[in-house]
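Below you'll find the structure, written out as structure tokens, and then a few comments.
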Amino acid sequence: MRSLEIKISRFKPGVIDPPAFFTYELTPAPAWTVLDALEQIRIHQEPSLMYRRACHHASCGTCACTVNGVERLACRTRLADLQTPAITLEPLRCFQRVGDLVTVRSALFQFIQPDWSCLQPDDKRGDRDLLLSGPDRTITRFENCIECGCCVSACPVARSNRHFLGPAVLSAVSREIKKNPSTEKDLLTLAAAPDGEPACRRALACSRVCPTGVYPARHIYALRDRRTGTGNKP
Ligand code: SF4
């Protein structure tokens, strides 16, 4: 590949404050991802660059940011696929910014209770055994949602209403009701609050950006169906 300009929105409280764009140039290998580019910039050009990453294979969601204005996982966005001469990287919207591309996503978890099934092994499938250490140890993902926050960042309602429960939480509520029907009454009460499912305006941005195919809008409409019985579908 030829040389590429990477424009990164940077922010360091009291140092780069207010935020400003910095441009870095590199010549990527054909298979490089956005995360590879960030690693190279940090190692060779800007050691103070802040971003988050962990698994490098779309399982943890920590590297989510906006790439050319669209929410994506940096680890699985290939530079070659973007087909633009310059790439702009910014942090996710709607979350508190700590520095550069790093945001705090604890708001995603504030309504999810530790006993919800998405956080528990499913004994019927033997997941508990799969988690045991040993030669056959396998990593099991309990749910498709990786809590990356892309859906919240893309949602126009979440951007304008910080009290909106948001697509990730509403998806978790919907899944929990399906898997654990005894929770329906309490969880529908939570979801049906004015800043819950009724605030959704059907923008569908959440489903478009979700990197793991959760399709949050479907879950939100499933909740709406339960509340209204109208049979609305996305
Ligand atoms: Fe990320 Fe999709 Fe979960 Fe939203 S629903 S937090 S986009 S994985």
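The values are calculated or read from the model by the stated rules, or taken from the named source; none is laboratory data. Please read all numbers here as calculations on a predicted model, not as lab measurements. Cβ placement follows ideal geometry from the backbone for every residue including glycine, while neighbour counts extend to all protein chains displayed. The area values use the complete protein model at the heavy-atom level, side chains included, leaving out ligands, DNA and RNA. Shrake-Rupley method; radii C 1.70, N 1.55, O 1.52, S 1.80 Å.
Could you say which residue among THR33, THR27 is among the hydroxyl-bearing types (Ser, Thr, Tyr) and either over 15 Å from ILE87 (Cα atoms) or open to solvent by 50 Å² or more (accessible area, probe 1.4 Å) (or both)?
On inspection, the qualifying residue turns out to be THR27.
Among the candidates ARG218, ARG227, which residue alone is assigned to a helix (DSSP H, G or I), away from the ligand (no atom under 16 Å from the Cβ) and in contact with a helix residue (DSSP H, G or I) (Cβ under 9 Å, 6 or more places away or on another chain)?
Unique residue meeting the criteria: ARG227.
Of (1) modelled with pLDDT under 95; (2) open to solvent by 30 Å² or more (accessible area, probe 1.4 Å); (3) closer than 28 Å to LEU38 by Cβ; (4) assigned to a loop (DSSP other than H, G, I, E, B), ALA107 satisfies all except one. Which?
(4)
Residues to consider are PRO194, PRO211, PRO198; find the one that is part of a loop (DSSP other than H, G, I, E, B) and more than 14 Å from the ligand (Cβ to nearest atom).
Of the residues listed, the single one that is part of a loop (DSSP other than H, G, I, E, B) and more than 14 Å from the ligand (Cβ to nearest atom) is PRO194.
How do the pairs read when you match residues in region 33-58 that are on the phi > 0 side of the Ramachandran plot with residues anywhere that are in a helix (DSSP H, G or I) and surrounded by fewer than 17 Cβ atoms within 10 Å (Cβ to Cβ), using Cβ under 6 Å and keeping only pairs 6 or more apart or on different chains?
Pairs that qualify, where the first residue is on the phi > 0 side of the Ramachandran plot and the partner is in a helix (DSSP H, G or I) and surrounded by fewer than 17 Cβ atoms within 10 Å (Cβ to Cβ), are ALA58/ARG76.
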